[in-house]
Amino acid sequence: MVNGVDKIIESLSSKEEAVLKEIAASGNQEIEEISKKTGLQYSDVSRSILWLENKGLVKTLKNPIYSYHLTEIGEKYLKKGIVEKRIFDYLDKNNAATTTELMEELGIDENELRGGIGALKNNGIVEFGTINGKSVLILKNRDESKIKEYQNALADLSNAATSVLSDLAKRGIIEKKSKNIIIASATKQGMVVYEELKHYGKREIVDKLTPQMLIGNLWMNKKFKRYEIKSPVPSIVGGRKHPLYLIIDQVKEILISMGFRELEGNWIETAFWNMDSMFIPQNHPARDIQDTFYIGKEKGSLPEDLKNKVKLVQEGGWDTGSTGYMDRWDEEEAKKLVLRSHTTALTFRTFAEGISIPDKAFTIGRVFRNENPDSMHMPEFHQIEGFVVDRDLSIRDLIGYFTVFYKQLGITGLKFKPTYNPYTEPSMEIYTHHFGKLIEIGNSGIFRPESLRPYGIKANVIAWGLAVERLASIIYEINDIRKLYGSNSSIDFARNYMYKVYK
Ligand code: PHE
């Protein structure tokens, strides 16, 4: 049986052992001293002390120590003589001098002069008098001993009197610097271990297992260093999938498992694909529903054949039985370039390529709207677009898809509300609870005959656009979608988010 003290001893590296022995044997110790006595490097000693402290064998104390250093002026005084000495010498020769004369002759500034005269006056060596109506400094006493003491202090700060040092510091001739030194001493437990170590003799401890040891079975006779595998370690931040992308991946998996194929599209579209293609009229209020970003003055091109069909439906309803918008449809308006405001643009591109009955497809992508950012809005966000083509589809099918889809993400208790879209009828918004409030998480509907007519689609198409960021805020239980990414997001969240897998 290995007892507690033996366990600790087995955990000591030879450096730690040497340092502990030194500290325990000679009481309080500075790192520098220990380093000298053990022959270990300073950094090895300080690292060993840290480990020993972790193991409760050593405690440390930070002692500030102060030292004085000459300032630039101090260096000058050391070389040329301290200013009061120079003034003294000058007066000794010339008996009296004006302050201007002193500054000029000695090459000193007013501050230095003031310091020097102050020192001389304090020691009763000079006084001011008047000669020929001029104020002059006169030597009163020739006792230089005080001045010498100060001059000597400059040459040997460590032996100077404290009063002299504080005087010199006040005059800016020297400055005080402080430095923390670490003093280590053994704890009670450290002393116990130290005593026990005496019975051990020389320990051969191995802290690395080499291939050679394994091959020759040499490890069997070795004594290995014991490691404390339960002690807390700093957490390591590794690479991690972005919280939003984790959800996007999860959603893809769910939709693919529900039989949907995935589509991919572009961020930049013509107004034609973003709006005209799906029977959104060209009048302003309708185009403003989704605060669309237009791109400069550049124009895109339109699909020739389809363009004419869209024109027919928009202007007069073609053969759908609808009157259309009874207004001229402007090709130039449709050529404008936009940042897509919804992924539905891609749905209609897909219709133009031709779809089969039945068909199910989805895309997850970024969309752009000129909206002020707040806890629920961002000018860039992601949508999950999806559509199902079949015969006899109804709103009940939509509700069914949403129920099944969201349940797999842990979201139940959906609410539905009628709404208006130019391209669907009926149209329906999807809501759920988030922090006690109902929030919209999607919009959907059944495409109108006018929307589908240019593509010759006679079956029913139910479709939707679902919010990804809001979905993420529900799953991660955060109250502001701006925490997910962008300048308000927190790196801590991206590192530490918890993802609950439902199903
Ligand atoms: N495009 C709609 C939106 O962005 C969502 C939608 C897609 C609605 C398809 C109906 C059909 O809000």
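The values are calculated or read from the model by the stated rules, or taken from the named source; none is laboratory data. Model, not experiment: these values are computed from the prediction. FYI the Cβ positions are ideal-geometry reconstructions off the backbone, even for glycines, and counts take in every protein chain you see.
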Among residues of region 381-410, those that are outside any loop (DSSP other than H, G, I, E, B) and either modelled with pLDDT under 95 or surrounded by 17 or more Cβ atoms within 10 Å (Cβ to Cβ) (or both), counted: 14
Per the filter on region 263-287, residues assigned to a helix (DSSP H, G or I) and either more than 14 Å from the ligand (Cβ to nearest atom) or without any contact (Cβ under 8 Å) to a residue 60 or more places away in the chain (or both) are ALA271, PHE272, ASP276, HIS284, PRO285, ARG287
Any idea which residue in region 328-339 is nearest to the ligand (Cβ to nearest atom), counting only those that are buried (at least 19 other Cβ atoms within 10 Å of the Cβ) and within 21 Å of GLU304 (Cα to Cα)? VAL338
Which helices (runs of 4 or more DSSP H) does region 428-496 wholly contain that include 1 or more residues that are free of Cβ contacts under 8 Å to residues at least 24 places away in the same chain? 491-496
For region 145-194, which residues satisfy the criterion of being outside any strand (DSSP E or B), among the β-branched types (Val, Ile, Thr) and farther than 30 Å from LYS21 by Cα? ILE147, THR162, VAL164, ILE173
Within region 411-438, the count of residues that are within 14 Å of the ligand (Cβ to nearest atom), among the β-branched types (Val, Ile, Thr), touching a helix residue (DSSP H, G or I) at 6+ places or on another chain (Cβ under 7 Å) and more than 12 Å from LEU398 (Cα to Cα) comes to 0
Could you pull out the residue among LYS252, LYS223 that is crowded, with 16+ Cβ neighbours inside 10 Å and touching a residue at least 24 places away in the same chain (Cβ under 8 Å)? LYS252
Residue check: is LEU346 in contact with an Asp or Glu (Cβ under 7 Å, 6 or more places away or on another chain), in a strand (DSSP E or B) and not hydroxyl-bearing (Ser, Thr, Tyr)? no
Scan region 344-363 and tell me whether some residue there is surrounded by fewer than 18 Cβ atoms within 10 Å (Cβ to Cβ), of a type in the set (Asp, Glu) and either under 43 Å from the mean Cα position of the chain (by Cα) or at pLDDT below 95 (or both). no
Spot the failing condition for PRO358; the list is (1) more than 13 Å from GLY265 (Cα to Cα); (2) within 14 Å of the ligand (Cβ to nearest atom), and only one is missed. (2)
Tabulated pairs, region 65-90, first closer than 16 Å to ASN152 by Cα, second of a type in the set (Asp, Glu) and crowded, with 20+ Cβ neighbours inside 10 Å, C-beta under 8 angstrom, 6+ apart or interchain: ILE73/GLU112; VAL83/GLU112
Positions within region 10-32 being under 41 Å from the mean Cα position of the chain (by Cα) and either loosely packed, with under 14 Cβ neighbours inside 10 Å or of a type outside the set (Gly, Ala, Ser) (or both), in sequence order: GLU10, LEU12, LYS15, GLU16, GLU17, VAL19, LEU20, GLN29, GLU30, ILE31, GLU32
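Could you say whether any residue in region 363-372 is acidic (Asp, Glu), touching a residue at least 60 places away in the same chain (Cβ under 8 Å) and in a strand (DSSP E or B)? Let's see the steps before the verdict.
Filtering region 363-372 for residues acidic (Asp, Glu) gives 371.
Those still in the list that are touching a residue at least 60 places away in the same chain (Cβ under 8 Å) too: 371.
Next cut, in a strand (DSSP E or B) only: none.
Checking region 363-372: not a single residue is acidic (Asp, Glu), touching a residue at least 60 places away in the same chain (Cβ under 8 Å) and in a strand (DSSP E or B).
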Filtered residues of region 288-327 (kept if within 16 Å of the ligand (Cβ to nearest atom) and either assigned to a loop (DSSP other than H, G, I, E, B) or polar (S, T, N, Q) (or both)): ASP288, ILE289, GLN290, ASP291, THR292
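Look at TRP267 and say whether it is surrounded by 14 or more Cβ atoms within 10 Å (Cβ to Cβ) and not aliphatic (A, V, I, L, M). Steps first, please.
On the way: surrounded by 14 or more Cβ atoms within 10 Å (Cβ to Cβ): no; not aliphatic (A, V, I, L, M): yes.
Answer is no for this residue.
Residues that are under 30 Å from GLU112 (Cα atoms): which helices (runs of 4 or more DSSP H) entirely in region 1-90 hold 2 or more of them? I'd like the intermediate steps shown before the answer.
On the way: elements: 4-10, 14-26, 31-38, 42-54, 72-80.
Qualifying helices (runs of 4 or more DSSP H): 72-80.
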Scanning region 434-479 residue by residue, those modelled with pLDDT of 95 or more, of a type in the set (Asp, Glu) and more than 30 Å from TRP318 (Cα to Cα) turn out to be GLU440, GLU469
